[in-house]
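Have a look at the structure below before the remarks.
What follows draws every value from the coordinates through simple rules; no lab data is involved. It should be emphasised that the depicted structure is a prediction, and the values quoted were computed from it without experimental measurement. Backbone-built Cβ (ideal geometry, glycine too); neighbour counts: all protein chains shown.
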Amino acid sequence: MISYQLSPHQQQVKDIVHWFAENEMRPISLEADKIGRVPDDWLEKVNSLGITLSTATFGESDHEHMDSAASGKENERKGERQGNRLAVIAAEELGWGDAAIALTLPGPGLGGPPIQAIGTPEQKRRFLSIFNRDEPPRWGAYALTEPEAGSDVAGIQTTARKVEGGYVLNGQKIFITNGKRASWVVVFATIDRRMGRSGHRAFVVEKGTPGFSCPRLAHKMGLRASETAELVFEDCFVPDENLLGGEAYYENRQSGPSGFRVAMQTFDNTRPIIAAMAVGIARAAYESTLDMVRRDYPKRGRPFQLAAGTLANIEQEIQSARLLTWEAAWRADIGRPNAKEAAMCKAYAGKMVVDVCAKCLELFGTAGLDGQWVEKWYRDAKIFDIFEGTNQIQHLIIARHLYAPFGVRV
C-alpha cells in the first residue's frame, strides 16, 4: 500500500530540491518572466553543478541510481522502485520555485522517456550521453502536437516517407518546449495516414539536419521564461539509425500500435510530474496568500472569516491533488497500469491550480496585480489545464477505463 508519510530519503530529496527552488530559482523568477528567458549564465552555472531537469526530478533516466540510493529500509518492500515518487516529490518543489525555469533546466526533457523506453542501446548512448556537466548545457525535446492534432494524437499529419537509407519527414509541430535550443527532438510522424495509429513512428531528429527549422517562438500569457517553439520539416531526411527502436520494434506485434503506444506511455509517466508542478504552483500561491491574510486582514469580522474559509478550501484542494498524484506515481513504481490514475491527477490538479490562483488573486485584490508573485502564478497556472492533454481529454481517458470492463467504447 502507498505510504502517505515520506521516508527519510524522500524527505531529504524534498528538502534539497526546495533549497534549490528557494535559493536559486526564486531570486531570478520575476526577472526571467519579464524578459521572457532564463539567463544563460544561470543555466551554465546549474549545468556545471550537474543539475539538469532529469537529476532535479529524479526522472526516468535516473531510476536505477535512485533505486540504489533508496534501497533497504527506504523501500516499501525489497527491490521496489521509487523513481516516479521521487520525481513528483521533487517536481512539486520545482513548481513552487518557478515552473517556467524548471522546464528550462538542461536535460533530455520529455524526449528522454521514449528513448529510455524503446531506444536501442546505441541510440541511448548517442542521444543521452551528451548531457554532461563538463560540456555546455544541452536540451532534448518532444514533438507530438500539431495544428490539427493536439488533443487528438491519433490524427497527426506529419508524414515519414521511406527512402533508401532512411525516411523523409514533412510536416509541422507546434508548442514544443525547448524546441529551438534542443540538440535533438523526438518527432512523431505517420508512414501512412490510412493506417491510423498503427502508422505512427518516432524519430530522433538532430539539430542542424537539412530541412528541419524553427521559424518562430510563441509569445505566451504564462511560463514566459520557457521556450515554446514551432518546428517545420520540409523534405527532412532522417537516417534509419534515428528511427527510435529500429525497424525491429515496429515489426514486433507484441510491441502494440507502434509509435502511438510510445507517446501514450510517455504521458502516463509525465502527467503525474506535470500534476505535481501544478500542486507546487498552487502551494506557492496559497502560502503567500496565507501570510498576507494573517498580516493584513483584521483578526475579527466578516472579511477575515470569508478569507479563512477560502484558504481552508484551498488547503483541502491542494492535499487532494497531491494524493491523487502520489497514487499515480506509486502505481508506476510498482509496475501497475496507471493510465487512468495519471489522467485523474492531471485533470484534477490542472483545474485545481487555476481555481486556487484565481482565489488567491481575489484575496490579494489590486495589490496582487502589479508585478507581484501571485499575478505571475495566476498566468502560469492556466497551461497546466491544457498541455499534456486537456482536461476534457483526461476525462475521456478516465471514462474509457471506467466503461471498458462492460464492453462499452467511449
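List of remarks:
- Charge dipole (the chain, unit charges on Cβ, about Cα centre) - positive-most of 18, 4, 374: 4
- Additional length obtainable on full extension of the chain from residue 14 to residue 306, 0.36 nm per residue less Cα span: 101.9 nm
- Sorted peptide list for 377-385, 14-22, criterion being average Cβ within 10 angstrom, highest first: 377-385, 14-22
- GNM top mover of 347, 149, 399 - the chain, alpha-carbon springs below 10 Å: 399
- The orientation-averaged projection of the convex hull spanning the C-alpha atoms of the range 98-190 amounts to 7.3 square nanometres.
- Degrees between helix 8-20 axis and first principal axis of the chain (Cα, 0 to 90, nearest 10): 80 degrees
- Reciprocal mean inverse distance between Cα atoms of the range 261-406 - Kirkwood radius, Å: 16.1 Å
- With the simple spin-label model, which puts each label point 7 Å out from Cα in the Cβ direction, the residue 31 to residue 48 separation comes to 1.7 nm.
- Largest GNM mean-square fluctuation across 52, 209, 390, computed for the chain with C-alpha springs under 10 Å, falls on 209.
- Note on residue 4 and residue 294: with the Förster distance fixed at 25 Å, the Cβ-Cβ geometry gives a FRET efficiency of about 0.40.
- Extreme residue, positive dipole direction of the chain, given options 54, 107, 189 (C-beta unit charges): 189
- The chain: antiparallel DSSP beta bridges as a percent of all, rounded to 5: 80 percent
- Once both labels are positioned 7 Å from their Cα atoms along Cα-to-Cβ, the gap between residue 247 and residue 23 label points is 5.5 nm.
- Dipole of the chain, positive end: most advanced residue of 204, 163, 319 [Cβ charges, Cα centre]: 319
- Evaluated with a Cβ-only charge set (Lys, Arg +1; Asp, Glu -1), the chain carries a dipole of roughly 940 debye about its Cα centre, given to the nearest 20.
- Cross-link partners of residue 359 among lysines (Cα-Cα below 21 Å; sequence separation of 8 or more within a chain): 299, 346, 351, 376, 382
- Angle between the chain longest axis and helix 26-35 axis [Cα atoms, degrees, rounded to 10]: 60 degrees
- Between helix 302-333 and the chain there is an angle of about 30 degrees, using the helix long axis and the longest principal axis of the Cα atoms.
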